[in-house]
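Notes follow once the structure below has been shown.
The values are calculated or read from the model by the stated rules, or taken from the named source; none is laboratory data. Because the structure is a prediction, the values reported are computed rather than measured. Methodologically, a virtual Cβ is constructed for each residue, glycine included, from the backbone with ideal geometry; neighbour enumeration extends over all protein chains shown. Note: areas computed on protein heavy atoms with side chains; ligands, DNA, RNA excluded. Shrake-Rupley method; radii C 1.70, N 1.55, O 1.52, S 1.80 Å.
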Amino acid sequence: MAFSKIVPGVFSVVIFVFFLIFIIHFSTGIPQADDYPMMFQFLDRWAVAGTIQQKYILLTEQFLDHRMVAMKLTVLAVKAIFDKMDINVINGVGVLIWLSTISILFKAFSRCGHSVASFLPILFFAVHPGYGFDGLFWAATWMAFPWAIFFSVSCFYCLTFYENKTSFVFASTLSIFAMFSHGNGILCCIISLLILVFQKKYKRALIWLCLSGISLFLFFYKYKTGETSEASPIENLLNRPFFVLSSIGAFNGGSIFFPNIEVTEFSANKLPAIVFGLLLFLFILGIAISLMAERIGYSNKFFPQIPPRKLTLFLCAIGLFVIATSIMISCVRTGGDVIHGFAARYHFYSALLLSVIYMFVVSILKNVKFKYWFKVAAIGTGFVYCVAQYWYQTAEIADYVRIYQAGLYNSKRSGKWVLYKDARFWERGLDKYSNENIWSQSSDSFRFPPVRLNPDSDPSVINMTELSNGNTVAVADSENNLTIRVKGIFFQFSVISAITDGVYMNLVSESKCFLYPLRLERTGLRQFVKSHIYYKSASKLEIKKKWFSPGLYQLHIFIVRGGKRLMLRTNKTIKIKEYPFEV
């Protein structure tokens, strides 16, 4: 094998391995939000379901807008193989699904004569931590988007690159799984039908239409609408067209936006990502229109140098799947004056769309010299993008990990997670389920991670008066909020610190004890290169008192690094009143 082939291959393996190491390092095994009803409660209900009919109902039961059979079968398989359901294993399955999808893209690309080196930009744009904590460590996300994408991409691959009866049967099965993995899987059936019509395989298209009709009937049987939005998609489109359009752009181009956030109001700094996403949207439409025009006999002026037919059809199908998904989610999830498309967990689709367009552009370029420099530029840009994602997301994800580790301690010690901030609609159910099933060990369906934080087990103790110069703790206590700032080098935290290392607020009353991490501030890139210090010697926390149980608390600062634990007593008393529960 030539040296020019070995180096890109090795580099590809390094990208995959580095990504897996990152995932393993920050994995907590702690479930969140939808994981409880979708996985934990499902297993408990499955254990007591006595008949085949009851089990079928559980498997196909609607959750929000979806019937997530693929996720439930995965959970059952993990439970059967490992005896208990483990969140880390579920996430690992999701990672393998996503990497398998990338492998299918490579297979399609290489079939048309493209090298491993040409594929490197796709790895840079698709295999990185830019999907945020919700994308990388939320099991429900791994069991939703990657499954739907994998089944759909596999289906399109079978229909475009293979045209025999076996591949048709296989594609039909994949489309059904796509539909019953996530709500947008319905689009796979529709786009696949268009592929068959485009190929003039009308008999197979008729069979596909019948099979899809049966699948759609099963999907929508006793289906409840309005599960994720107060208004209907049509009402959202008519009443909030600007926010729907912005969300479509953010969904398709959001992966280039830093920081990655859940939902956001519109602002000028988000405009480039929105415009970029809309341009990608129009590009895919241009490919689709160009293909159809050529098929019915019109000259192709938009893309006169169309790439190989099978690859073009394959890429166009994936692109239509992504932009149609952006329309579907933006219309359904738009509520108020916010843009939901920026949520980092949706960046799987944005990365897929970028990959598809890159593959298409490389395929249509005929000038050898220009194509070479385009690929070099793409590799360089992708490398910088990938490094930037690791640089930015390491601190963001580590912050979430500390929140969840503290929440695990809070739940076991005081019966309250203090985890979801203002998204409190899960909090009571989560607390109730944890107390009744996890800590009481009344259910043996799942493996729960151990509590790694323990401020109760005799840490080293110092008082405020013992602080040396340069070490300060400032506390601002108002009626509803608490702000804490800590400066100084108690411990120097590294970029690869243990997942519990950090500075924590510690509230202690007669019966309760809560932890919540202060946010560690990241240094600048130039300083990191010069000194290899990732975090500044400062941390801060602004928190709402309503998240905690009412009572009179003593405030301490708990610092953890490796095997060292330090408790700083502030002699500050914090009073938390009873707050009405708000969603």
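Structure values in brief
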read-out	value
Pick from the range 546-581, criterion assigned to a loop (DSSP other than H, G, I, E, B) and charged (D, E, K, R), ranking: nearest to Val503 (Cα to Cα)	Lys577
Enumerated helices (runs of 4 or more DSSP H) restricted to the range 118-165, each holding at least 1 residues that are touching a Ser or Thr at 6+ places or on another chain (Cβ under 6 Å) and small (Gly, Ala, Ser)	132-137, 145-161
Residue within the range 550-559 that is surrounded by fewer than 19 Cβ atoms within 10 Å (Cβ to Cβ), among the aliphatic types (A, V, I, L, M) and modelled with pLDDT of 80 or more present	yes
Yes/no for Phe198 being assigned by the TED database to the domain that holds Leu64, within 18 Å of Asp65 (Cα to Cα) and surrounded by fewer than 24 Cβ atoms within 10 Å (Cβ to Cβ)	no
For Glu542: the one exception among (1) farther than 17 Å from Glu396 by Cβ; (2) part of a strand (DSSP E or B); (3) open to solvent by 10 Å² or more (accessible area, probe 1.4 Å)	(1)
Filter result for the condition that a residue is open to solvent by 10 Å² or more (accessible area, probe 1.4 Å), in a loop (DSSP other than H, G, I, E, B) and closer than 30 Å to Phe18 by Cα, over Gly113, Gly92, Gly50, Gly29	Gly113
Total residues in the range 400-415, condition modelled with pLDDT of 80 or more and surrounded by fewer than 16 Cβ atoms within 10 Å (Cβ to Cβ)	0
Long-range neighbours under 8 Å by Cβ, at least six apart or interchain, first residue within 28 Å of Glu294 (Cα to Cα) within the range 198-215, second open to solvent by 40 Å² or more (accessible area, probe 1.4 Å) and at pLDDT below 90	Phe198/Met292; Phe198/Arg295; Gln199/Glu163; Lys201/Glu163; Ala205/Val197
Among the candidates Phe177, Phe170, Phe217, residue that is more than 30 Å from Leu282 (Cβ to Cβ), more than 21 Å from the chain's Cα centre (by Cα), modelled with pLDDT of 90 or more and among the aromatic types (Phe, Trp, Tyr)	Phe170
Residue within the range 317-329 that is touching a residue at least 24 places away in the same chain (Cβ under 8 Å) and not in a helix (DSSP H, G or I) present	no
Failed item, numbered, when Val69 is tested on (1) closer than 30 Å to Phe161 by Cα; (2) surrounded by fewer than 17 Cβ atoms within 10 Å (Cβ to Cβ)	(2)
Top-ranked residue of the range 286-305 - restricted to ones that are closer than 21 Å to Leu365 by Cβ and open to solvent by 40 Å² or more (accessible area, probe 1.4 Å), ranked as modelled with the highest pLDDT	Ile289
Selected residue [modelled with pLDDT of 85 or more, surrounded by fewer than 24 Cβ atoms within 10 Å (Cβ to Cβ) and more than 18 Å from Phe156 (Cβ to Cβ)] from Ile357, Ile327	Ile327
Residues of the range 126-156 satisfying the condition of being open to solvent by 10 Å² or more (accessible area, probe 1.4 Å), under 18 Å from Thr325 (Cβ atoms) and aromatic (Phe, Trp, Tyr)	Phe145, Trp147, Phe150, Phe151
Residue under evaluation Ala80, criteria (1) among the small types (Gly, Ala, Ser); (2) open to solvent by less than 10 Å² (accessible area, probe 1.4 Å); (3) closer than 30 Å to Val48 by Cβ, criterion not met	(2)
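Table: residues versus (1) at pLDDT below 80; (2) in the same structural domain as Val503 (by the TED database); (3) open to solvent by less than 10 Å² (accessible area, probe 1.4 Å).
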site: Val376; (1), (2), (3): no, no, no
site: Tyr390; (1), (2), (3): no, no, no
site: Trp417; (1), (2), (3): yes, no, yes
site: Ala423; (1), (2), (3): yes, no, no
site: Lys432; (1), (2), (3): yes, no, no
